[in-house]
Amino acid sequence: MKIKVYLTCSQCLLLMFAKYMIWFATPDLYVGAGRCRLSKVGAGRRPPPARVRVAVRLRPFVDGTAAAGEPPCVRGLDSCSLEIANWRNHQETLKYQFDAFYGERSSQQDVYAGSVQPILRHLLEGQNASVLAYGPTGAGKTHTMLGSPEQPGVIPRALMDLLQLTREEGGEGRPWALSVTMSYLEIYQEKVLDLLDPASGDLVIREDCRGNILIPGLTQKPITSFADFERHFLPASRNRTVGATRLNQRSSRSHAVLLVKVDQRERLAPFRQREGKLYLIDLAGSEDNRRTGNKGLRLKESGAINSSLFVLGKVVDALNQGLPRVPYRDSKLTRLLQDSLGGSAHSILIANIAPERRFYLDTVSALNFAARSKEVINRPFTNESLQLRVLAPIKLSQKELVGPSEAKRARGPEEEEIGSPEPTAAPASASQKVSPLQKLSSMDPAVLERLLSLDRLLGSQGSQGTHGLNTPRRERMVLMKTMEEKDLEIERLKMKQKELEAKVLAQEAVDPKDKENASPAVLRPLARRTVTVAKPLKKAVVMPLQLIQEQAASPNAEIHILKKKGRKRKLESLDASEPEEKAEDCWELQISPELLAHGRQKILDLLNEGSARDLRSLQRIGQKKAQLIVGWRELHGPFSQVEDLERVEGISGKQMESFLKANILGLAACHRCDTS
C-alpha cells in the first residue's frame, strides 16, 4: 500500500532550510576525507601516569655460609613474589608482590633484559628514565649496577644498547640527528662532587623555570662509542669514595649518579628539539654501626648515608599519602631524585637483599621500602621545544641601494643603448638576496608540500595577507619586484636623511650672523616656560588644648571653630632667577570658651546622671571603665568637676588628658553645629 504525501511550497522551503542547517552544523558527514581537520592533542591534558616499577634481586650466599647448612630467610615463590619469615611468629611468613623477582641463580643479563632494557626507548621520545639500586650494605648493589669484566652490570649494558640505538636512529637519511653526553657525580656527606673533575669542589643543585633539576658546573663529556664511555668512566670510577668495614671490604661511602643525556635535533622543518635524561644511581647501603664497627670518619660517613636514606623514605611516604609538601629539599639525594620519584621519569627500583639470617632486619626494611615505592606515581612527558632558524642578515651593495632611475643616470647613453639581453635578470638576482621565496625550487619536496598546505590552511581560515607561496610564478615575480622597489626607496630616504643631517651640522659651524641668513630652516629650541609646583591640599592644624584655653581666655576671642590662615610659599621656575611668592591656605582649630564650657558641663552631667550605657557613648570609655565610674559615684557621690575622674581606680593621668581632648572638642563641635 502506497501513500502519497503532498507538501505545500512553504513546507518544502522549511525542509530545504532544515537540510541546509544540518549540513552547515556537521559538514564532515558530507565532505568526508577531503576536508582538512586540525586536532589539539594533549594541549591542556595532564600526561598519563606511570607507576614506579620495583624489582627485587636476591644475591647468593657468601663466605661459605651455605656450606654450614644455614637455611635462607627469604624464599622466592614465582617470578614476581617472595616470602620471608615473620620474626614475631616463626610459624608464619610475610609475602610480598613486586613487578619482578630475581633469585639466587639469576644472571646480570636477566636483570637487565627484564627490567632496564624496556625503558631505553623512552629516551628517544624525549622522556626521562632512572634506575636506582637500593638495599643494605653488602647486598650487591654495586655488582648489579657495575658488575665485572666477565659479568657486566646494568650501566655498561645500558650504555652499549643506548649508543647502538642512537647510531641507528641518527644515521644518514633519518629525520633526527642525535648526540649523547655523560656526567658522573657522587654525593658524599651532603656534598655534590664531580667525579670527572674532582678539583671542581662542592657543586650546587638548581631548578630552572620549567622545574628541571640542574647542576651548574657539572662536567659533560660527549660520547659516540662504548670506547669513549670507558675512557671517561673508568678513571672517574676510581675517584669514588670507598672504604672497608666489617661487612664489606669495598663499601661505597657515597651515592653515585651517572647522568646520560640524549639530545635530538630535527633535520627538517619545523626543527624540533628533544632531550631525554637517563639517571643510573648506585645508592650507598644503610648501615648498622653496631655490626659494621664504624668509628671516626666511617661513623660520620655512615650517619650521612643513613640520614639521606631516611629522607628518601619520608619522600616516598609523603607521595603515597598525598601530602601537600614533599621534603625533596631536606637532602641532596632526594633533591637530585625529584624527577625519579613523583616527577617526570620512568623509574625502576632494584632492591637488593641478602639471604643470611644476620641480615634479616635489613632485608625486611628493604622489602618494606620497596613495597611503599611501587605505589609512587610519576607522570612522564616529552621534553620537546622548537628552534627557530634565523636567516643571516642580507648585505646589499651600493649599486643595489641606489634606485633604478639613479642607476640609469649614472650609466652612459652608450650603455643604455647596448643594455642587457634579458632585462629581468637583474631584479631576479636581487630578489634572490632579498626574499627567500625564490629558493622554493631548491627546497625538499616534503617541506614544500608542508608549506603549501599551511598556506592553504591560512587562506581557508580567513587570512587577509598575500599568499606568496600559492600565487603563480609571474604574479609572484611582480610582487617581489614591488617589494624590492619599496625596500630600495626606504634605503634612499635613509641616505637622504643622513645627507641633510650632515648639512645641518656643517651649517652650525658657520658664524652666527651668516647662520641666521644661510639657514633659516634650522629649528630653534622652544622657549622654556615656567613650571610651578602643584598646589598642596588644604590642611587642618590641631592645636593643643592648653593653647586653645589661653586663646579662649583672651577678650578678643572669636566664636568659630575653623579659621582660615594665609602663609606665603616660594615657587621656582626653570628660566626665572627670582622665585615667586604665593600665599598658601591652611586651617587652624580655634574654639570659643563658651563652647568649651558647654562641653565640660555636658560631660559632667553624663558622669553624674548617666547610666553605664550612656557613659559608653563617650570616647575612651568602655564597659569596664563605665562600671567603675558608676560604682565610684554610688560610693562617693556625684563628681564636682570633670578632673575628678583621676580618682577613679583604673584611670591614669594620661588617660584623663586624652579623654578630655577627645570628648570636650567633639561635644563642643556638635553643640556649635546644633545651634547653627
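Scanning segment 165-211 for residues that are among the acidic types (Asp, Glu), assigned to a loop (DSSP other than H, G, I, E, B) and either under 29 Å from GLY285 (Cβ atoms) or touching a residue at least 40 places away in the same chain (Cβ under 8 Å) (or both) returns GLU190, ASP197.
A quick yes/no check of all residues on (1) touching a Leu at 6+ places or on another chain (Cβ under 7 Å); (2) open to solvent by less than 30 Å² (accessible area, probe 1.4 Å); (3) within 17 Å of ASP263 (Cα to Cα); (4) modelled with pLDDT of 95 or more:
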| site | (1), (2), (3), (4) |
| --- | --- |
| GLU104 | yes, no, no, no |
| GLY126 | no, yes, yes, no |
| VAL131 | yes, yes, no, yes |
| THR137 | yes, yes, no, no |
| SER148 | no, no, no, no |
| ILE155 | yes, yes, no, yes |
| THR166 | yes, yes, yes, no |
| TRP176 | no, no, yes, no |
| TYR188 | no, no, no, no |
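Residues that are at pLDDT 80 or above and among the charged types (D, E, K, R) within segment 615-640 comprise ARG616, LYS624, LYS625, ARG633, GLU634, listed in sequence order.
Condition first: more than 60 Å from the chain's Cα centre (by Cα) and open to solvent by 90 Å² or more (accessible area, probe 1.4 Å). Now tell me which residues in segment 623-639 satisfy that. Let's see the steps before the verdict.
So the first thing to find is which residues in segment 623-639 are more than 60 Å from the chain's Cα centre (by Cα), and the list is 627-639.
Within segment 623-639, GLN627, GLU634, LEU635, HIS636, PRO638 meet the criteria.
Of LEU120, LEU82, all but one fail to be modelled with pLDDT of 90 or more, over 30 Å from ASN212 (Cβ atoms) and among the aliphatic types (A, V, I, L, M); the exception is LEU82.
Please verify whether ARG372 is farther than 30 Å from LEU94 by Cβ, part of a helix (DSSP H, G or I) and open to solvent by 60 Å² or more (accessible area, probe 1.4 Å), treating the condition exactly as stated.
Details: farther than 30 Å from LEU94 by Cβ: no; part of a helix (DSSP H, G or I): yes; open to solvent by 60 Å² or more (accessible area, probe 1.4 Å): yes.
Criteria not met by ARG372.
Looking across segment 289-322 at every residue that is more than 25 Å from ARG335 (Cβ to Cβ) and of a type outside the set (Lys, Arg), the one that is farthest from the chain's Cα centre (by Cα) is identified as GLY293.
Residues in segment 243-258 that are buried (at least 17 other Cβ atoms within 10 Å of the Cβ) and either touching a His at 6+ places or on another chain (Cβ under 8 Å) or of a type in the set (S, T, N, Q) (or both): 5 in all.
The values are calculated or read from the model by the stated rules, or taken from the named source; none is laboratory data. Note that the structure is a prediction, hence the values are computed from the model and not measured. Reconstructed Cβ throughout: ideal geometry from the backbone, glycine too, with neighbour counts over all protein chains shown. Please note that ligands, DNA and RNA were not included when accessible areas were found on the heavy atoms of the full protein model with its side chains. Shrake-Rupley method; radii C 1.70, N 1.55, O 1.52, S 1.80 Å.
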